[in-house]
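Only one structure is covered here, and it is reproduced in the block below.
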Amino acid sequence: MKRLFYNLKITFKNKELIFWTFAFPIILITLFYAAFSNITAADNYTAPKIVAIENENSKLLPVYKQIFEKVDALDVSFENNFDETKQKLEKEDIIGIITFEDDMSFPKLIIEKNGTSQTIVQNIMTEIELSIRSGKQFDEVKIKNTYERNQEMAMIEYFSLLAMACLYGAMIGTKSLDKSLANMTASGKRIAVSAISKAKIVLVSLVTSYITQLIGLALLFLHILFILKIDFGPELPGVIGLTAVGALAGLALGTFVSAAFRVKEDTKDGITTGFTMLCCFFSGMMGPSMKFVIDSAVPFLNKINPAALLTDGYYSLTNFGAGERFWTDVILLLVFSGVISIISVKILRRQKYDNL
Amino acid sequence: MAEKVIEVKKLTKKYKELTAVDHLSFDVEKGEILGLLGPNGSGKSTTINSILSLLTFDEGDIKIFGEEMTPDALEIKRRIGVVFQDVAVFEELTVWENVNYFCSLYISDKATCEKYTEEAIKLVGLGDFKKFLPKKLSGGLLRRLNIACGIAHKPKLIFLDEPTVAVDPQSRNNILEGIKKLRDNGATIVYTTHYMEEVEILCDRVIILDHGKIVASGTNDSLKDLAKIKEKITVETRGISKKFQDEIKKLKDVVSVKSGRDTLVVNYSDTRKNLAELVNLLEKNKIKYEKIYSERPTLNDVFLELTGKDLRD
Ligand SMILES: Nc1ncnc2c1ncn2[C@@H]1O[C@H](COP(=O)(O)OP(=O)(O)OP(=O)(O)O)[C@@H](O)[C@H]1O
Ligand SMILES: [Mg+2]
């Protein structure tokens, strides 16, 4: 107990570590937020006005009319006179004009300038065209307006950031256990010759760093919820819970690196960072195609990769609520933490060093 | 026959090609202070770290309290205290907290642990510095803290690896006194150093190491007897001719004559009336001198003679 207190005191006096674990995620998420906020501000969104020119010979126009009715993101009206409409466009009363050729050819979009609204219109038109080309019924195709899409992207980024904040806690785990290892620090030598079992050393190190990490995450969440006012919706408790479990997995990972690799401190930090990056990479955090590849080729890997479990947990939580898939992810994360902590203890148990 | 606390048999430790400890065998008896004496790099720290199961070794058996020593022999470890050569304290904690921290690694009862912490701090004389952070302490005080951290839990067996390196004389005396007290309270102590005087003052028995091998071992006196030199006479004088030096060499029992800038040292292999003889010879040749005195050889002289190397290089 006493030692836990001392360990915390030691950890908190390490300013650099505190900065990286506490301040860094907060700064990062603020930057993300700033980048997304101008397009995610829901209240300011007004559907861009566009005009479609009627053409009785077009076979696609009726299809489009049907679709436009369902897309709130666009404000479409229909006109017959192209030249009048063109003037409106030049006066910037409208954002774009859609013209239909005869028969089955797809419509053309005419825009005057470049801007957010223009981009949104372009994206939606492309989306519609694709869905028609692929022959799917419009009902089946989820056409989301760009606002929603942006918000979803922002959410994915926020979740990736939370997952990363969890896993980068591995660094705290590594540093914390290193303090107790004979080959890393002088005081570690002292702890190594003392009557404390390796299991206790690992446990104390985990608990210490977990407390540190939880405080850091609490600050992060306070910042997210009360300063940035990002809305995680009704699943907020689940998001927080999953993050706390993820943090434990990150620490366990860091502890394992500390125990398993007998290298210099810097190299160890490098391995920890590399390890977490690799986990994130395989989990699709840096491009979703990777997760897909792993899912089909070595699905097992996604079950033991904490980053993959975390992203999957967040995803299933926001899409399907706290169901079986979510709880499976949570349990697998706990199992992962437990197993590699035990392996760490086993490794350290009868550890001697070739040199000190 | 006294109880053996440590038994080391044929301990050999290699760092790549370098053999740091070479088939070393020795015992440590209960209640004694054993000095491990040797110059830098002679393998003292390596020996201690091997005994403590921190280092792997290539060959050998180590028993402590009659049982084989392993990294998870917690019951043995509980009774051991170690003061490593490098200062090992937490920069972030105060003097008192540091001692308390390391004590708590052994003593789970809070009140006992605090009592022991106070006692250890008192033993090394850091009472006035309890609230200081280590970086505020001078080198000597830091060493004392280092010792307090290693012995606070009242271990039965204590290893001290050069605890007095780079320490001012006052701190050194304080440390040596403290170590004697620990022995008087019943601890067995292994003490490494390359200071001859410390071994002479402190240790009951000495093992002299060089290149990881035992060069000589025994009590202080028996080691001195081992060496050929029995008496050493120093003459403080200037400019003694080569010819006169040769004349001294012809005196009975003279082993060697060494002349420095202001001194002349004459070594004898026996203790008779050497001083009187030498004084006579000097008078006869009308050689002026400031002082002349006779000494028993120190362990340093013994080491010099046994290994051809000076301890303090
Ligand atoms: N980690 C290591 N790797 C390689 N060689 C080492 C290592 N540690 C020590 N040595 C070598 O082993 C030999 C014995 O070293 P050791 O530290 O045991 O000597 P020592 O008697 O404690 O010396 P000192 O008085 O300097 O503390 C030395 O030659 C040293 O250079
Ligand atoms: Mg040494």
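For segment B:18-62, a reduction of at least 40 Å² in accessible area between the chain on its own and the assembled protein chains (probe 1.4 Å) is found at B:54, B:55, B:56. Compared with its chain on its own, segment A:318-356 contains the following residues whose accessible area drops by 50 Å² or more in the full protein assembly (probe 1.4 Å; ligands, DNA and RNA excluded): A:350, A:352, A:354, A:356. Between the residues B:40, B:106, A:109, the greatest Cα displacement towards the positive end of the dipole of the protein assembly as shown, with unit charges on the Cβ of Lys, Arg, Asp and Glu, is found for B:40.
Using a Förster distance of 30 Å, how high is the FRET efficiency between residue A:335 and residue A:229, based on the Cβ-Cβ distance and rounded to 0.05? Computed FRET efficiency for residue A:335 and residue A:229 comes out at 0.25.
Solvent-accessible surface of segment B:4-224, averaged per residue with a 1.4 angstrom probe and all protein chains in place: 39 square angstrom.
Classified by the C-alpha gyration tensor, segment A:45-140 has an oblate form. Its axis ratio a/c, with a ≥ b ≥ c, is 1.5 or above, and a/b does not exceed b/c.
Spin-label model, residue A:92 to residue B:118: label points 7 Å out along the Cα-to-beta-carbon direction sit 8.2 nm apart.
At a Cα cut-off below 17 Å, give the aspartates and glutamates reachable from residue A:13, other chains included and same-chain residues fewer than 8 away excluded. Filter leaves A:178, B:91, B:92, B:97. On C-alpha positions alone, give me the angle between the axis of helix B:169-184 and the longest principal axis of chain B, in degrees, nearest 10. In chain B, helix B:169-184 runs at an angle near 60 degrees to the longest axis.
For a modelled paramagnetic label at residue A:354, 7 Å from Cα along Cα-to-Cβ, the residues of segment A:178-221 in reach, with backbone nitrogen under 19 Å, are A:182-185. The Rg/Rh ratio of the protein assembly as shown, with Rg taken over Cα atoms and Rh as the Kirkwood radius over Cα pairs, comes to 1.25. Accessible surface computed residue by residue for segment B:231-296, with neighbouring protein chains in place and a 1.4 Å probe, gives 66 Å² per residue. Surface burial for A against B, with a 1.4 Å probe and both sides summed, reaches about 3200 Å² of accessible area. Database remark: amide H of residue A:60 closer than 5 angstrom to no amide H (H placed geometrically; neighbours at sequence offset of 5 or more, or on other chains; Pro and chain starts carry no H). Cα convex hull, segment B:4-224: 120 Å³ per residue, rounded to a whole number. To the nearest Å, what is the center-to-center distance of segment A:105-136 and segment B:5-45, using C-alpha atoms only? Their Cα centres are 82 Å away from one another.
In order along segment A:174-184, phi translates into HN-Hα couplings of 4, 4, 5, 6, 3, 4, 9, 9, 4, 8, 9 Hz, rounded to whole numbers, per the Karplus curve 6.51 cos²θ - 1.76 cosθ + 1.60 with θ = phi - 60° and x for Gly and Pro. Each peptide in B:162-172, B:281-291 gets a packing score, the mean of other Cβ atoms within 10 Å over its residues, and the list from highest to lowest is B:162-172, B:281-291. Placing unit charges on the Cβ atoms only, positive for Lys and Arg and negative for Asp and Glu, gives segment B:4-224 a dipole magnitude near 320 debye about its Cα centre. With equal scatterers on the alpha carbons only and no solvent term, can you work out the Debye log10 of I(q)/I(0) for segment B:231-296 at 0.11, 0.16, 0.22 1/Å? Those come out to -0.20, -0.44, -0.89, one per q. Here the Gaussian network model covers chain A, with springs between Cα atoms less than 10 Å apart; of A:272, A:21, A:119, A:119 fluctuates the most.
Going from the chain on its own to the full set of protein chains, segment A:168-216 has these residues losing 30 Å² or more of accessible surface (heavy atoms, 1.4 Å probe, no ligands, DNA or RNA): A:186, A:187, A:189, A:190, A:191, A:193, A:194, A:195, A:196. Bridge orientation summary for chain B: considering DSSP beta bridges with both residues in this region, about 65 percent are antiparallel. Each of B:66, A:271, B:219 was scored by the projection of its Cα onto the charge dipole of the protein assembly as shown, and the greatest displacement toward the positive side belongs to B:219; charges sit on the C-beta of Lys, Arg, Asp and Glu.
In this structure residue A:125 has an accessible area near 20 Å², from a 1.4 Å probe over the protein heavy atoms.
Dipole of segment B:231-296 computed with +1 at Lys/Arg Cβ and -1 at Asp/Glu Cβ about the Cα centre; of B:245, B:234, B:265, farthest Cα towards the positive end is B:245. Of the solvent-accessible surface of the protein assembly as shown, computed with a 1.4 Å probe and all protein chains present, 55% belongs to carbon and sulfur.
The values are calculated or read from the model by the stated rules, or taken from the named source; none is laboratory data. Quick caveat: nothing in here was measured; it's all calculated off a predicted structure. Glycine gets a Cβ as well: all are built from the backbone with ideal geometry, and neighbour counts include every protein chain shown. Ligands, DNA and RNA are stripped out before the accessible areas are found, and what is left, the full protein with its side chains, is counted by its heavy atoms. Shrake-Rupley method; radii C 1.70, N 1.55, O 1.52, S 1.80 Å.
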